[in-house]
Amino acid sequence: MQRGSSERELAARWEEEAVASDKAPAEQVLLDAGAAGEPERKTAEERCKDPARAQPRAAEEGDTRVAPRPPPTLRPKTKPAPARGLCPHGNPRSKGSSCKRCSGRRADQSCTLRPVTVDSSKARTSLDALKISIRQLKWKEFPFGRRSPCDIYWHGVSFHDNDILSGQVNKFPGMTEMVRKITLSRAVRIMQNLFPEEYNFYPCSWILPDEFQLFVAQGRMVKDGDPSWKPTFIVKPDGGCQGDGIYLIKDPSDIRLAGILQSRPAVVQEYICKPLLIDKLKFDIRLYVLLKSLDPLEIYIAKDGLSRFCTEPYQEPNPKNLHHVFMHLTNYSLNIHSSNFVHSDSTSTGSKRTFSSILCRLSSKGVDIKKVWSDIISLVIKTVIALTPELKVFYQSDIPVGRPGPTCFQILGFDILLMKNLKPMLLEVNANPSMRIEHEQELSPGVFENVPSLVDEEVKVAVIRDTLRLMDPLKKKRENQNCKLSSSSLSMASVDILYIDITRRWNSVTLDQRDSGMCLQAFIEACFYLAQRKFKMLPLHEQVASLIDLCEHHLSVLDERRLMCGRSGMSGGRAPYSGPPQEATPSAPLAEGNPTPCANSAHKLPHSRHTLS
Ligand code: ADP
């Protein structure tokens, strides 16, 4: 199993792009998992009124679950398609670099600006938000599927909704299984055993019925050591959702073992008795996390999520209130049935609010929300790391290397509870977080209607849209097509100054000052600088990869030209190019559309090449 470097696994990035399709009012909401910055929520400038939203859809609140699938098997794939991990030329494709033949192709051959195509035929309840996102991006939706392949397939429930041989699909094989309550508890427990300090964000859990005796014994042991300990436990059926079948207990003997032994294994968990309250109410946080790639591990966290409120003032659990679901369970699907549930068009009031509005409020009370946010980010990363090994097994089993198949990404819903002391605790992970952007409203007793929910739309459309932007398969091509360093307002004079400045600085710190030209570190610094100037909004490693792609592209164009010059020279035309082929290498990109300064800069950068070679 190949591993990305640990740096990459925990790469800290904050990505904001401005690609051709991004003329839409796309505020970037996805924050790379390492960037522990203060989340800012920007107001959506435009709310699309999608006619599709007006059509009532099958009611489905909360998260969708599917029945467990048998272990993955090798599926025969019949249609010929380029092998995974290979470019269309059959050359190995690695992240951030394209094969020579690809990058050498002329822009007008390979990079025609066609819209990205999305098959939404299996999108189910995320369809409305998806439609809006696709329209904002000016991409092309195929609501009934398409005979020829699409770039992106959007599945409502599972990787296996459709047989796909290419493109990208928004589900990983095995994810639904991996985040079921029992599997998640097992995966986190392995890590808790290895790194107890790092994984103390997940409540102590036992799996029922297997660990019932252990649960009783451990409870007794703690109690013997501390008789004042009066814990509460929460029992949650495996594979349940929307609070279904959940109950609180004070004593292990209260576990309804009969049901568990019959059909429903469950997780019993330490109940977090002291949650942070707002307006005297318990609330939880639903955060959206994009798992962009497993290898290397790439995780993005949406800057905004939802906070779902209980509808009965909170009291610490006691035998009298244990069954008060509106006090203890924050599920929207339960609380919507409370007469205290408050629908609000504002994102900062009511029973469902944006997480950013909560942070704003906490910040105004002096809470260090950067710390809260960075704790949340680290919880997310560590949880995904706990799930990754088995996910890779599923992945390799379903899509073996060298077989045709799609690449995968997935939006996960993380349910997090903030404790009174502001420590975030993981409650669960949803493989299919609800992406519905409407809610049920009771018009008259027993008569419900689906109405748009502004808070859901604001958060979820942004999450889907920015996920699509991050997964845009044509992004690189668009960037390459527009690649002209001179267009990034970097004059040749600036390049001269950059060269002199960096060279002088590095030469003054290197031991051997006899070297003329750039040392390796100086060259790298110059590359980073140029990459940052050229590809402003990308994370650094993508900036550098893009710069290398760009250089390769220009090199191959240059090679072609030289070849042609050579031929024409031989046939009596212009004299063939006589300099060594690398001579113009680094300056080639600078030359685009600006022949004179190119000649100038060509004098400068070759120094670095000499030092490097
Ligand atoms: P479901 O998938 O059915 O929603 P959850 O694990 O999300 O199950 O639990 C439902 C609700 O119960 C949560 O939203 C939260 O309000 C509450 N809850 C779950 N686990 C705990 C816990 N350990 N401590 C306190 N509250 C909890």
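Potential lengthening of the chain between His323 and Phe144 amounts to 59.9 nm, from the contour at 0.36 nm per residue minus the alpha-carbon distance.
So what's the convex hull volume per residue for the Cα atoms of segment 260-301, in Å³? Mind dumping the intermediate values first?
Details: hull volume 7.5 nm³, N = 42.
So the per-residue Cα hull volume is 178 Å³.
The calculated FRET efficiency for Ile190 paired with His541, based on their beta-carbon distance and R0 = 22 Å, is about 0.15. Please compute the modelled spin-label separation between Ser444 and Asn162, points set 7 Å along Cα→Cβ, answer in nm with one decimal. Distance between the two pseudo-spin positions: 4.2 nm. Size check on segment 156-300: the Cα extents along the three principal axes, sorted descending, read 59, 37, 37 Å. Label-to-label distance for Ser364 and His337 is 3.4 nm, based on points extended 7 Å past Cα in the beta-carbon direction. Here the Karplus curve 6.51 cos²θ - 1.76 cosθ + 1.60, taken at θ = phi - 60°, turns the phi angles of segment 393-402 into couplings of 5, 4, 4, 5, 6, 7, 10, x, 4, x Hz, with x standing for Gly and Pro. Amide H to amide H, with H built 1.01 Å from N, Lys122 comes under 5 Å of Trp154, counting only residues 5 or more places away or on other chains.
Kirkwood Rh over Cα pairs of segment 345-386 into Stokes-Einstein at 10 °C, 1.306 mPa s: D in µm²/s? Write out the running numbers ahead of the final one.
On the way: Rh = 11.6 Å.
In µm²/s, the coefficient rounds to 137.
In segment 120-215, what is the volume of the convex hull around the alpha carbon atoms, normalised per residue and reported in Å³? Intermediate results must be reported in sequence, preceding the final value.
Details: hull volume 15.3 nm³, N = 96.
Here the figure is 159 Å³ per residue.
Note on segment 120-278: dipole from Cβ charges, positive end direction compared against Gly145, Pro209, Leu277; the farthest Cα belongs to Gly145. Once both labels are positioned 7 Å from their Cα atoms along Cα-to-Cβ, the gap between Arg220 and Arg135 label points is 6.4 nm.
Close amide-amide hydrogen proximity is noted between Glu438 and Ser453, each under 5 Å apart and 5 or more residues distant or on a separate chain (H modeled in the peptide plane; Pro and chain starts excluded). The Cα-based radius of gyration of segment 142-193, divided by its Kirkwood radius, gives an Rg/Rh of 1.17.
Scanning residues 5 or more positions from Asp238 or on other chains, those with amide H under 5 Å from its amide H are Ala266, Val267, with H placed 1.01 Å from N in the peptide plane.
If you wrap segment 355-482's Cα atoms in a convex hull and average its projection over all directions, what's the area in nm²? Directional mean of the projected Cα hull area for segment 355-482 stands at 13.6 nm².
Which FRET efficiency value, to the nearest 0.05, is calculated for Gln521 and Ser348 with the Förster distance at 51 angstrom and r the Cβ-Cβ distance?
Working: r = 49 Å, r/R0 = 0.96.
It comes to 0.55.
Scalar couplings 3J(HN,Hα) for segment 150-162, obtained by applying the Karplus form with A = 6.51, B = -1.76, C = 1.60 to θ = phi - 60°, are 9, 6, 10, 10, 10, 9, x, 10, 9, 3, 8, 4, 8 Hz; x denotes Gly and Pro.
Placing R0 at 25 angstrom, the Cβ-Cβ distance between Gln213 and Val393 gives a FRET efficiency of 0.25 after rounding to 0.05.
Over 18 Å between Cα atoms, which of Lys250/Lys352; Lys370/Lys536; Lys292/Lys475; Lys223/Lys320 qualify? Could you put the intermediate results ahead of the total?
Working: Lys250/Lys352 29 Å; Lys370/Lys536 25 Å; Lys292/Lys475 15 Å; Lys223/Lys320 22 Å.
Pairs exceeding 18 Å: Lys250/Lys352; Lys370/Lys536; Lys223/Lys320.
Using θ = phi - 60° in the Karplus curve 6.51 cos²θ - 1.76 cosθ + 1.60, the 3J(HN,Hα) couplings for segment 368-380 round to 7, 6, 5, 5, 4, 5, 6, 5, 5, 4, 5, 4, 5 Hz; x is entered for Gly and Pro.
Each reported figure results from applying straightforward, stated rules to the coordinates on display, with no laboratory input. Note that this is a predicted model, so its numbers are computed, not measured. A quick note on method: Cβ atoms are made from the backbone with ideal geometry, for glycine too, and the neighbour counts reach across all protein chains shown.
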